[in-house]
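Accompanying notes for the structure given below.
The values are calculated or read from the model by the stated rules, or taken from the named source; none is laboratory data. Because the structure is a prediction, the values reported are computed rather than measured. Virtual Cβ from ideal backbone geometry, glycine too; neighbours counted across all protein chains shown. Just the protein is used for accessible areas: all its heavy atoms, side chains included, with ligands, DNA and RNA removed. Shrake-Rupley method; radii C 1.70, N 1.55, O 1.52, S 1.80 Å.
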Amino acid sequence: MFGIGELTLLLLVIVAVLAVKRLPDLVRSAQKAARILKSEKRALKDQEHDADSGPDRPSPRVIRGETAERDTP
């Protein structure tokens, strides 16, 4: 009745018809994900840049302490 080639072609046509309905949603989702990744990358780059420019940032405080011996029972 139908050969492998015809069944494959029919399957591809069915998948293409069904995918056309969801394609705009998939593209929107991909664009949104790309924007989020781009903004996160930019924020990380800005954060690293701010950490590198140290003259305006105060140096960290060092608190000196003592080491206590623990009593053993």
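Points worth noting:
- With respect to the chain, whose longest principal axis is taken over its alpha-carbon atoms, helix 4-52 is tilted by about 20°.
- Cut-off of 10 Å, at most 14 other beta carbons, DSSP loop: longest stretch of the chain lacking such trypsin sites (Lys or Arg not before Pro): 1-60
- Listed residues ILE63, ILE36, ILE14, most fluctuating in the chain (Gaussian network, C-alpha, under 10 Å): ILE63
- Neighbour count of at most 11 Cβ within 10 Å plus DSSP loop: longest GluC sites (Glu not before Pro)-free window in the chain: 1-65
- Taking 0.36 nm per residue of separation and subtracting the current Cα-Cα distance, fully stretching the chain between LYS41 and ARG22 would add 4.0 nm.
- Solvent exposure of the chain amounts to 108 Å² per residue of accessible area, where only protein heavy atoms count and the probe is 1.4 Å.
- Using a probe of 1.4 Å on the protein chains alone, the accessible area found for VAL13 is around 80 Å².
- The computed semi-axes √(5λ) of the Cα gyration tensor in Å for the structure shown corresponds, within (1) 16, 13, 12; (2) 23, 15, 12; (3) 63, 24, 9, to (3).
- Carbon/sulfur fraction of accessible area - the chain, other protein chains in place, 1.4 Å, %: 61 percent
- Cβ-derived FRET efficiency at R0 30 Å, GLU48 paired with GLU69, nearest 0.05: 0.10
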